[in-house]
Structure formats: C-alpha cells, structure tokens
C-alpha cells in the first residue's frame, strides 16, 4: 500500500475542514496552523481535492474552503485517491504482471488485502470520524491553542509584522 504522508495529510486536513464547517469557509492558513502543516503543501493538496469535487473554494475577504458535499457523502478512500495515492499493496498495481509478466505466487493474497483496505476506507465517512468525542476534544484543544498563540502574537506585535507563531 502506498499510503504516504500525502494521503495522511489530506485526510487530516479534510477532517479539520469538516470539523470547522459551520457554513462559513475555513482559511487554509488556519488549517495549516492547527495541524502544523506547510501552507504551500496544503495548497497543492487542496487543488487536487478541489479537482476531485470534494471541496470548493470561496474567494475574497473571509474566503477559504468548504466541503463540496455533506461529510457523510465523503469517505476516506475518496480523499486518498483524490491526492493520487493508491490503495493497492501489490507490486504490479493489480495488473498481474508482478513476476516476469506473470502473477507472482502471492498476487491473489495482496489483491485480497488491497480490496479489504479499500473497502475499509470506503466504509468510513468524514461524518463518522467527526462524530468521535475524542476527535472533537482534540479539535477543541487545537482551536484553543491556536487562539492563545494568536493572542500572544498580537500582544507581542508580531501579527501586524507578518510574523506568525507556529504551534
């Protein structure tokens, strides 16, 4: 399986977006700050997520991103696939040419596992994840930490100078 940092970051960012989806767009910089992720990297991921129809962008003052569908209609597999990750652990990408153009001995085993992983991730929606009380508690803590950091930055005069505190 090729689930790399890219897929994990995309899922994390989408969870953040879903948790903060209160009818108003969420600024990508806020997601980056809360999740301690690179803003430029998130911009690349969100371009892919937007092309896949999972999010929409809102321009202008107060702009940002929103889910393009209900959280219950977006599953984890869609997010991973949208950022060009594979939910496949075979060497041959499922083509059956893993050993000199033929199936290797373990091909069917790895295909079955890939199917199980894909089915598992397809069966979990953003709504399922955001309903978890532990996840909600973590998000509230992140929000508090970001708020506190911004207040410290403003008190120190850093916000106006274009400098930002990283949690």
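Once the piece of chain linking residue 72 and residue 27 is laid out straight, how much longer is it, given 0.36 nm per residue of separation minus the C-alpha distance between them?
Gain in length upon complete extension: 14.0 nm.
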For the chain, what does -39500 (n - 2.57) per DSSP helix run (n ≥ 4), summed and divided by total residues, give at 222 nm, in deg cm²/dmol to the nearest 500? -16500 deg cm²/dmol
Could you tell me what fraction of 2.2 N^0.38 Å the Cα radius of gyration of region 13-61 comes to, as a two-decimal ratio? 1.06
Post the alpha-carbon centroid distance, region 42-94 to region 14-34, in whole angstrom. 14
Spin-label model distance (nm) - residue 103 vs residue 115, 7 Å beyond Cα toward Cβ: 1.1
The convex hull of the Cα atoms of region 66-113, divided by residue count, gives a volume in Å³ per residue of 79
Could you tell me the largest-minus-smallest coordinate of the C-alpha atoms of region 23-87 on each of the three principal axes, in descending order and whole angstroms? 36, 25, 19
Considering every pair of different Cα atoms, what Kirkwood radius, in Å, is found for region 1-147? 16.5
Those residues of region 40-70 whose amide nitrogen sits under 18 Å from the label point placed on residue 153, 7 Å along Cα→Cβ: 40-43, 62-65
Along the Cα-to-Cβ line of residue 134, 7 Å from the Cα, sits a label point; which residues in region 1-36 have backbone N less than 11 Å from it? none
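FYI, it's all coordinate maths here, none of it is from the lab. It should be emphasised that the depicted structure is a prediction, and the values quoted were computed from it without experimental measurement. Cβ sites come from the backbone with ideal geometry, for glycine too, and all protein chains shown count toward neighbours.
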